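The values are calculated or read from the model by the stated rules, or taken from the named source; none is laboratory data. Here the structure is a predicted model, which means the values were calculated and not measured. No Cβ is skipped: glycine too gets one built from the backbone with ideal geometry, and neighbour counts run over all protein chains shown. SASA here: full protein model, heavy atoms, side chains in, ligands and nucleic acids out. Shrake-Rupley method; radii C 1.70, N 1.55, O 1.52, S 1.80 Å.
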Amino acid sequence: MTNPKSPGEATTLTPTPTPAPTPTLVRVQRTYRLAVPPVSGILRPRLVTVGALLAVGMFILFCWSLTIGDYPIAFGDVVRALVGSGDPGTVLVVQELRLPRALVGLLAGIAFGVSGGLFQTMTRNPLASPDMIGLTQGAGTFVVAGIVLGWDGGLGTQTLGLLGALTTALVVYALAWRRGTTGYRIVLVGIGVAWICTSATDYLVAKGGRFQAQAALGWLVGNLNGRTWSDVGPLAIALAALLPTALLLGRLLRTLQLGDDVATGLGTRVQPVRLAILLSGVGLIAFATASAGPVAFVALAAPQIAQRLARTPWPPTVASGLTGALMVLGSDLIARTLISGTELPVGIVTGVLGAPILLWLLVRANRAGSGG
């Protein structure tokens, strides 16, 4: 930089220091290609490690939840009882009385996490979880209508939840359609539909009798108390059918992250793919909600936690499901042991833990200039 001087003075030059290079974050990843079957892709060691640790933690919480009850059982005895060995009384208590509740929490948590990851990736919005865009509320409205008004016709909560979530999803998709749909419009329309469903549910609860209202309110909070094998079967079948579909849609999900125009240029049929993702996510959230109730904030928080643990540009599907299972199982443990002699609904604990995460996401979106 040159300093101006008078004509008789010498001119001195002050060198400008060169800034030090900014360190960059290097993501370690490996590519692979198989001859049979003809499959290729990218292997991310950190994502694999995070998934393995989440799976181990999920198994520990799952077994730990089976040790708690009026008849305490040691952790090792629980593990042996799961494979049918050990004391016959312990095997009976674990497999017939406690295992259905733990399995519903495990499977519902996986369904909530995967469904939330699908919707957040599809819309490119971390707030676009099923319980934010009306799907959970729609399933709840149909189930409460069946409880209070007796409109179930023998269908059961599983079928009613599926019909409610599917109907709500189609309404949101239709209202958001304007020569195609975008994630932004789906979120805005979904929030409005969610409030309509919530108001309808409140009206149904107020209209019902005392015992019907108590049954509806106990389910609406999100509860694992009293779950049986009849609640496990439909949820397990739904996961067996929908999880492979969600994993197969993973590559197309990543193209949607680039925007509709770029995804179309890469050969992705945007609207059919978005509809397939919507139906897969609806099926997962409907069966999970019908089995465990609308457990709050799991579908919102689990994908975001998994994304930050794995350091991926999008919520990873498998890690999101494992994180959701950890959240539900861990919250159920807290709900059962927080107050001695009282088993709180699991949805109360997830609501308390998930509300700060929602506030953090809103503040972060606002700072990034996408919060409106």
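Listed residues Q307, Q257; which is under 15 Å from the mean Cα position of the chain (by Cα), open to solvent by 10 Å² or more (accessible area, probe 1.4 Å) and closer than 30 Å to A355 by Cβ? Among Q307, Q257, only Q307 is under 15 Å from the mean Cα position of the chain (by Cα), open to solvent by 10 Å² or more (accessible area, probe 1.4 Å) and closer than 30 Å to A355 by Cβ. Check segment 208-223 and report whether any residue there is in a loop (DSSP other than H, G, I, E, B) and exposed (fewer than 13 other Cβ atoms within 10 Å of the Cβ). Taking every residue of segment 208-223 in turn, at least one turns out to be in a loop (DSSP other than H, G, I, E, B) and exposed (fewer than 13 other Cβ atoms within 10 Å of the Cβ).
Flag: P45 does not match the condition of being exposed (fewer than 12 other Cβ atoms within 10 Å of the Cβ), at pLDDT below 60 and not charged (D, E, K, R).
Restricting segment 115-167 to residues that are open to solvent by 10 Å² or more (accessible area, probe 1.4 Å) and of a type in the set (F, W, Y), which is modelled with the lowest pLDDT? So the residue we want is W151.
Cβ-Cβ distances below 9 Å connect the following pairs, each with a first residue in segment 83-103 that is surrounded by fewer than 11 Cβ atoms within 10 Å (Cβ to Cβ), a second residue that is part of a helix (DSSP H, G or I) and modelled with pLDDT under 90, and a separation of six or more residues or different chains: G84/V91; G84/Q95.
Picking from residues in segment 260-301 that are surrounded by fewer than 20 Cβ atoms within 10 Å (Cβ to Cβ) and of a type in the set (D, E, K, R), the one that is nearest to T228 (Cα to Cα) is R269. Summed over segment 277-304, residues that are in a helix (DSSP H, G or I) and under 10 Å from the mean Cα position of the chain (by Cα) total 10. Scanning segment 169-184 for residues that are over 18 Å from the mean Cα position of the chain (by Cα) and modelled with pLDDT of 80 or more yields L170, V171, V172, Y173, A174, L175, A176, W177.
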